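We did not get these values from a lab; they are worked out from the coordinates using the rules stated. Here the structure is a predicted model, which is why all the values come from computation and not from measurement. Backbone-built Cβ (ideal geometry, glycine too); neighbour counts: all protein chains shown.
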Amino acid sequence: GNSVTQMEGPVTLSEEAFLTINCTYTATGYPSLFWYVQYPGEGLQLLLKATKADDKGSNKGFEATYRKETTSFHLEKGSVQVSDSAVYFCALTLSSNTGKLIFGQGTTLQVKP
Amino acid sequence: DTAVSQTPKYLVTQMGNDKSIKCEQNLGHDTMYWYKQDSKKFLKIMFSYNNKELIINETVPNRFSPKSPDKAHLNLHINSLELGDSAVYFCASSPMTNTEAFFGQGTRLTVV
């Protein structure tokens, strides 16, 4: 079936450290891939997306590249800030599955000053 | 100005009660969803409507009944609430399939 697997959290980093959150997927077909962020007590916000192989999504200093050969969509940021502390979700959707998002389990990021 | 709005934000109720959560989107999207987030933050689709028509029902108990009076609204009614229904429920909308969804702020339901 279709699924998304993220690295286990929590991830704890110092401010200005480099961030990688791993995400791999299994899908029948050609999914679109997304990263969502959930700040404490809030809803989900779209962080970035990529709709086809080799696309790079980017926003607010975060980047992720759609790698079809490794079925991955790892999230990276060069220098994290305390304000980046949140839960990050990798997700996919397929045109064949009526638009529903299939989420990974979420990775909690805590950035310390 | 809020794109996808849900009410209420918090809901505390006793077991056995019936409650509703309302959702409205002003983005002009055709598709709306309900997702459930459990205590471990895991998110799973419950229902999806496209232009007022149910297109996804993911093995959700019959006690949960969505209603879409028009394509801008998708409400969730829950009968005979159980302790296990405690979760955060998110409404979302998207312009079409295979695109990103826009989420509301969530409704934290606590059944006591």
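I'd like the residue in region A:36-46 that is in contact (Cβ under 8 Å) with a residue 12 or more places away in the chain and at the interface with chain B (Cβ under 10 Å from one of its Cβ atoms) and, out of all such residues, is surrounded by the most Cβ atoms within 10 Å (Cβ to Cβ).
A:L44
Could you tell me which residue of region B:34-64 is nearest to the other protein chains (Cβ to nearest Cβ), considering only residues that are in a strand (DSSP E or B) and among the basic types (K, R)?
B:K44
Report, by residue number, each residue of region B:65-106 that is of a type outside the set (V, I, T), in a loop (DSSP other than H, G, I, E, B) and within 9 Å of chain A (Cβ to nearest Cβ).
B:M96, B:N98, B:E100, B:A101, B:G104, B:Q105, B:G106
Cβ-Cβ distance below 7 Å, separation of 6 or more or different chains: which pairs start in region A:1-25 with a residue that is assigned to a strand (DSSP E or B) and end on one that is charged (D, E, K, R)?
A:T12/A:K112; A:S14/A:K112; A:L19/A:E76; A:L19/A:K77; A:T20/A:E76
Quick one: A:G29 ticks every box in (1) outside any strand (DSSP E or B); (2) within 9 Å of chain B (Cβ to nearest Cβ) except a single one, so which number is it?
Of (1) outside any strand (DSSP E or B); (2) within 9 Å of chain B (Cβ to nearest Cβ), only one is false for A:G29: (2).
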